[in-house]
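Down below is the structure, laid out as structure tokens.
Just so it is clear, none of the values below were taken in a lab; they were calculated from the coordinates. As the structure is a prediction and not an experimental result, all values here were calculated from the model.
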Amino acid sequence: MTHPLPDDQCPRNHAGRPLNSGKPVRPDVVFGKVAQRFIVRVAVPVHRENKVLYVLDMSFGPERLTHLSVANSPRFLVAAS
């Protein structure tokens, strides 16, 4: 028995835009209906000889961005309100 995938909150052309424009799609945070949690979606065109060959379309949890920013941040941070 098969079931249709849930409707996605991201535009249907999420990977198509960088394929046509040659520019990355701005990251967006959406609630993934399959993952049942918030995810970040990024689509980046892969160029070779000034042509877009394909699009790298990634989805990952926002905590991954936190991990990357902490791992690459300076040893001291200043917070102000």
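Data for the structure
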| quantity | calculated |
| --- | --- |
| Cα Rg, Dmax (largest Cα-Cα span) when computed across the range 16-71, Å | 13.3, 40 |
| Table column - 3J(HN,Hα) (Hz), the range 36-50, Karplus curve with 6.51, -1.76, 1.60, x for Gly and Pro | 6, 6, 6, 9, 9, 10, 9, 10, 10, x, 9, 9, 8, 6, 6 |
